[in-house]
Amino acid sequence: MLRPHFWDHYPLDELTKEEWEGLCDGCGQCCLIKLEDEDTGRIAYTQLACKLLDCGTGLCSNYGQRQEFVPDCIQLAPHMVSQLTWLPASCAYRRIHEGRGLASWHPLISGHRESVRHAGKSVAGRCRTEVGVDEEDWDRYIVRWVKQ
């Protein structure tokens, strides 16, 4: 059971597992392949998605067992949020950590899962699978619609 407005009343490390999972807006941006410039450290997002991401819905096709199939999939935890500089500015975990609260389009605020897509934050319909794309070609898929 989710406590009312838990995101306003508790720090990330005091959330229950259910609240932590519920805080995710399901945008899928964290599942996009990211490239780091070795000279500047700047992160660029690509439209290429993890092989488990359903690019039609923007949701993981095997969330419960994702780390078995994608060993480098990160199991996000509260203590990691400040360290993961690649989390998009719209990420609920990042927003709460930075004291910005949830965006108006977040499902916990809007009451609708589709609000993420309507706000242009979801990768649904905007990504393609990494499968079959050579790593040397990843830079051809850089996008500008993910804001850091």
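Derivation of every value follows stated rules applied to the coordinates shown; laboratory data play no part. Note that the structure is a prediction, hence the values are computed from the model and not measured. When we count neighbours, we look across all protein chains shown, and the Cβ atoms used for this are built from the backbone with ideal geometry, even at glycine.
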Inset, instruction - Would you mind calculating the relative contact order of the chain from Cα pairs under 8 angstrom and at least 6 residues apart, reporting the percent as a whole number? - result: 33 percent
Legend entry - Members of K17/K51; K51/K121; K17/K147 lying beyond 22 Å, as alpha-carbon distances in this model show: K17/K51; K17/K147
Legend entry - Phi to ³J(HN,Hα) by Karplus 6.51 cos²θ - 1.76 cosθ + 1.60 over region 104-117, Hz, x for Gly, Pro: 4, 8, 5, x, 5, 8, 6, x, 9, 4, 5, 4, 5, 5
Inset, instruction - Can you put C31, C24 in order of Cβ neighbours within 10 angstrom, beginning with the fewest? - result: C24, C31
Legend entry - Cβ-placed point charges (K, R +1; D, E -1), dipole of region 10-141 about Cα centre in debye, nearest 20: 640 debye
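Express as a percent, rounded to the nearest 5, the fraction of DSSP beta bridges in region 10-141 (both residues included) that run antiparallel.
Antiparallel bridges: around 75 percent, rounded to the nearest 5.
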